[in-house]
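Structure, as structure tokens:
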Amino acid sequence: MQTRFDLTQADIPKQWYNLLADFPEPLPPPLHPGTKEPLLPDALAAIFPENLIQQEMCPDRWVEIPEPVRDIYALWRPTPLLRAVRLEKALQTPAHIYYKYEGASPAGSHKVNTSVPQAYFNKLAGTKRLATETGAGQWGASLAMACQMFGLECNVYMVKVSYQHKPYRRMLMHTWGATVHPSPSELTEYGRKLLAEDPHCQGSLGIAISEAIEDTVKTPNTKYSLGSVLNHVCLHQTVIGQESIRQMELAGEDPDVIVGCCGGGSNFAGIAFPFMRRKIKDGKEYRIVGVEPSACPSLTKGELRYDFGDTAETTPLMMMYTLGHNFMPPSIHAGGLRYHGMSPMVSHALKLGLMEAEAYHQTKVFEAATLFARSEGIVPAPESAHAIAAVITEAVKAREAGRKRVILFNLSGHGLLDLSSYETYLTGKLQDV
Ligand SMILES: Cc1ncc(COP(=O)(O)O)c(C=O)c1O
């Protein structure tokens, strides 16, 4: 029985897919925080190069992937799509469970799908140095690798709780030549202010973003790079869904349910948006589910409104599901899902009823992750394991209803550098927060 569906190097997508072109209602524009008027491209010029600003606001349905980017994608793309037959057996479910494995990349997650084009477009624009934030270190590591490949310096503000708990990703960033600071840090005015108020502040993605932006505007030849949330990041990730569509065709099945975990929304967008296009254009009845932590539930408990992307209120205002930019998420093990907001495009898709959202507690997530590791072999990243918890719930429902469902999910990264979190779970010390 064939359980693995591979494409060849020639099948790496030649274009990214832009859902902005197909939304039944236009996406509300970002607003200037001072004037509250729709943001003009120039307002972003201090932090992003012009070519990426154009992509952020691009109305075209298809955007060409430059050849040098496809050449680097070829190091790991197309990623495999597998059917999880051992997990199906363990669950005794009639459901067919497929997963797209983005952990096959050199940095171990989907994040390199966007770090490579971001570094490439910055290099074209003459940028010498990039500043960024990272939660669990997946994004920082991915940008470090991409900067190394295009000869750019990389300066990373890493959320302090992850800096302490995830030393191996920090070491990975160092191996790829990046400089890494725990955030909040003494290097920025904003970091110093927070540390004066609370020397033990554990940090958050919102804070690290503020520090990276401050660094960008104060350092010559530097631009800022974001690993999620923004339109151009979601755009770059659509290689995942485009490949998955072809691979599901090879498997001879069409998914009933498509699942991805949601931090800022980019890996979910990557797998889901090409399927949403079919939902909008061809009337397909896919159930598309974004999964988040109960401890940071922007999609399931947040409000849809204009909010800042960072804690210091330096970004434009974006229309998104948000818990408020001052929300300090508890220190859960899925560091990459600790973000107060959500991609405006994913938020818009939820508002328009193109998708649904679910939230899971971390003990349930690690239970699912461990079952997956024990049946399929791959140890999932804690972030990705949120998708697995939802998939297992769906597969159990299929068993109870005695009906076959075809489920596809994005396994956005491996957890080989998250083993201390597994140990916490396996020794009974993991708690829901
Ligand atoms: C493996 C993995 N999956 C998912 C995420 C969440 O980010 P996003 O929602 O942008 O995909 C992260 C973030 O660090 C991650 O490392």
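The values are calculated or read from the model by the stated rules, or taken from the named source; none is laboratory data. In this text the structure is predicted, and so the values were computed from the model without any measurement. For neighbour counting, all protein chains shown are included, and Cβ atoms are generated from backbone atoms with ideal geometry for every residue, glycine included. In case anyone asks, the SASA skips ligands and DNA or RNA and just uses the protein heavy atoms, side chains included. Shrake-Rupley method; radii C 1.70, N 1.55, O 1.52, S 1.80 Å.
Scanning region 250-288 for residues that are open to solvent by less than 30 Å² (accessible area, probe 1.4 Å), more than 16 Å from the ligand (Cβ to nearest atom) and of a type in the set (V, I, T) returns a single hit, V257.
Checking each residue in region 380-405 for being out of contact with any helix residue (DSSP H, G or I) (no Cβ under 6 Å at 6 or more places or on another chain) and among the charged types (D, E, K, R) picks out E394, K397, R399, E400, R403, K404. Selection of region 10-40 for residues being within 24 Å of the chain's Cα centre (by Cα) and outside any loop (DSSP other than H, G, I, E, B) yields D11, Q15, W16, Y17, L19, L20, A21, L31. Restricting attention to region 386-417, the residues that are open to solvent by less than 10 Å² (accessible area, probe 1.4 Å) and near the ligand (Cβ under 9 Å from one of its atoms) add up to 7.
Hey, among the residues in region 194-249 that are of a type in the set (S, T, Y) and under 30 Å from E64 (Cβ atoms), which one's nearest to the ligand (Cβ to nearest atom)? The extreme case among them is S228. Would it be correct to say that G324 is more than 13 Å from the ligand (Cβ to nearest atom), free of Cβ contacts under 8 Å to residues at least 12 places away in the same chain and on the phi > 0 side of the Ramachandran plot? For G324, the condition - more than 13 Å from the ligand (Cβ to nearest atom), free of Cβ contacts under 8 Å to residues at least 12 places away in the same chain and on the phi > 0 side of the Ramachandran plot - is not met. Kindly check whether there is at least one residue in region 72-84 that is more than 21 Å from the chain's Cα centre (by Cα) and among the hydrophobic types (A, V, I, L, M, F, W, C). Yes, because at least one residue in region 72-84 is more than 21 Å from the chain's Cα centre (by Cα) and among the hydrophobic types (A, V, I, L, M, F, W, C).
Could you list, in sequence order, the residues of region 214-258 that are free of Cβ contacts under 8 Å to residues at least 60 places away in the same chain and of a type in the set (A, V, I, L, M)? Of everything in region 214-258, just one residue is free of Cβ contacts under 8 Å to residues at least 60 places away in the same chain and of a type in the set (A, V, I, L, M), namely I245. The residues listed here are H110, H96; of these, the one that is at pLDDT 95 or above and within 11 Å of the ligand (Cβ to nearest atom) is H110. Note on region 86-137: residues that are assigned to a helix (DSSP H, G or I) and either open to solvent by 30 Å² or more (accessible area, probe 1.4 Å) or not acidic (D, E) (or both) amount to 20.
The set of residues from region 56-69 being farther than 17 Å from L31 by Cα, in a helix (DSSP H, G or I) and either of a type in the set (A, V, I, L, M) or open to solvent by less than 50 Å² (accessible area, probe 1.4 Å) (or both) comprises just one member, V69.
Can you tell me which residue in region 418-433 is nearest to F5 (Cα to Cα), limited to those that are within 16 Å of the ligand (Cβ to nearest atom) and exposed (fewer than 14 other Cβ atoms within 10 Å of the Cβ)? Only one residue tops the list, namely L419.
Being open to solvent by 30 Å² or more (accessible area, probe 1.4 Å) and at pLDDT below 95 holds for only one residue in H174, H165, and it is H165. State yes or no: is W16 closer than 24 Å to E102 by Cα and open to solvent by less than 80 Å² (accessible area, probe 1.4 Å)? Yes, satisfied. In this entry, L337 is excluded by the filter for residues that are touching a Lys or Arg at 6+ places or on another chain (Cβ under 8 Å) and either among the charged types (D, E, K, R) or under 27 Å from P184 (Cα atoms) (or both). Taken as a whole, the structure leaves A84 outside the set of residues that are within 15 Å of the ligand (Cβ to nearest atom) and not β-branched (V, I, T). One residue alone among S298, S347, S331, S343 is surrounded by 24 or more Cβ atoms within 10 Å (Cβ to Cβ) and away from the ligand (no atom under 12 Å from the Cβ), and that residue is S347. Of the helices (runs of 4 or more DSSP H) entirely within region 351-433, those holding at least 3 residues that are hydrophobic (A, V, I, L, M, F, W, C) and at negative phi occupy 362-376, 382-401.
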